[in-house]
Amino acid sequence: MSGIVFYGTESLEEIVDFYVERIGAEQWLEQPDCTILQYDNMLFGFCDRAEAETEGTITFVYSSRGDVDVMYDALAARARGEPVENDQYRIYQFFADDPEGRTIEFQTFLHETDPV
C-alpha cells in the first residue's frame, strides 16, 4: 500500500527544482498541473495553485547522523538551527524552510527501527 501527500504551490517549477536539486528527490510522475516527487519510499506532490499550502512538516529520514549533517551543510542558509539530539523522540534532527516557507525536517533515529 502506498500514498501521496499533495501541497498547493504558487511556484511549481521553483519548488520542484528545490526538492530535486537541493534535497535529492526524483520526479516520479508529471501531471497537467502537478508534479509528484519520490524520495526513497515517500511520494509527495506539488500542484500549481493560486495559494501555497504551507502547513505540516515534510520529514526526510536518513540512516546516520553524518547523513543529516551533510544535509545541514547543504541547507545551512535555510536551517532554523544546527542539528541537535532530541531525547524525547530519540532522534538527531534539524528543521529548515523550503522556498515557500514549508517546514522540512531532516532526521535519523538514534535507536533501531523496523525496515520500511
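Taken across region 72-85, residues that are without any contact (Cβ under 8 Å) to a residue 40 or more places away in the chain, in contact with a Pro (Cβ under 7 Å, 6 or more places away or on another chain) and not hydrophobic (A, V, I, L, M, F, W, C) do occur, with at least one present.
Residues are listed down the side, and each one gets a yes or a no for (1) surrounded by fewer than 18 Cβ atoms within 10 Å (Cβ to Cβ); (2) assigned by TED's automatic domain parsing to the domain that holds Tyr7:
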| position | (1), (2) |
| --- | --- |
| Gln31 | yes, yes |
| Leu43 | yes, yes |
| Arg49 | yes, yes |
| Val61 | no, no |
| Asp67 | yes, no |
| Ala74 | yes, no |
| Ala79 | no, no |
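I'd like the full set of residues that are among the aromatic types (Phe, Trp, Tyr) and either surrounded by 14 or more Cβ atoms within 10 Å (Cβ to Cβ) or within 18 Å of Tyr39 (Cβ to Cβ) (or both), limited to region 85-115. Give the steps one after another, and end with the answer.
Step one: filter region 85-115 for residues among the aromatic types (Phe, Trp, Tyr), giving 89, 92, 94-95, 106, 109.
Tyr92, Phe94, Phe95, Phe106, Phe109, listed by residue number.
Of the residues that sit in region 76-96 and are in a loop (DSSP other than H, G, I, E, B) and touching a Phe, Trp or Tyr at 6+ places or on another chain (Cβ under 7 Å), which one is modelled with the lowest pLDDT?
Step one: list which residues in region 76-96 are in a loop (DSSP other than H, G, I, E, B), which gives 76-78, 80-83, 87-90.
Filter once more, keeping what is touching a Phe, Trp or Tyr at 6+ places or on another chain (Cβ under 7 Å): 80-83, 90.
Numbers: Arg80: 98, Gly81: 98, Glu82: 98, Pro83: 98, Arg90: 95.
It comes out as Arg90.
Inside region 34-53, can you point out the residues that are part of a loop (DSSP other than H, G, I, E, B) and modelled with pLDDT of 95 or more? First the steps, then the outcome.
Of region 34-53, the ones part of a loop (DSSP other than H, G, I, E, B) are 40-41, 49-53.
Across region 34-53, the qualifying residues are Arg49, Ala50, Glu51, Ala52, Glu53.
If you filter region 7-29 down to residues that are within 14 Å of the chain's Cα centre (by Cα) and of a type in the set (Ser, Thr, Tyr), you find that the one that is surrounded by the fewest Cβ atoms within 10 Å (Cβ to Cβ) is Tyr7. Does Asp69 count as touching a Pro at 6+ places or on another chain (Cβ under 9 Å) and closer than 21 Å to Thr113 by Cβ? When the stated conditions are applied, Asp69 passes them.
Selection of region 1-57 for residues being aromatic (Phe, Trp, Tyr) and without any contact (Cβ under 8 Å) to a residue 60 or more places away in the chain yields Phe6, Trp28, Tyr39, Phe44, Phe46. In this structure, Pro99 does satisfy being under 16 Å from Tyr19 (Cβ atoms) and in a loop (DSSP other than H, G, I, E, B).
The values are calculated or read from the model by the stated rules, or taken from the named source; none is laboratory data. Computed from a prediction, not measured in an experiment: that's the story for all the values here. No Cβ is skipped: glycine too gets one built from the backbone with ideal geometry, and neighbour counts run over all protein chains shown.
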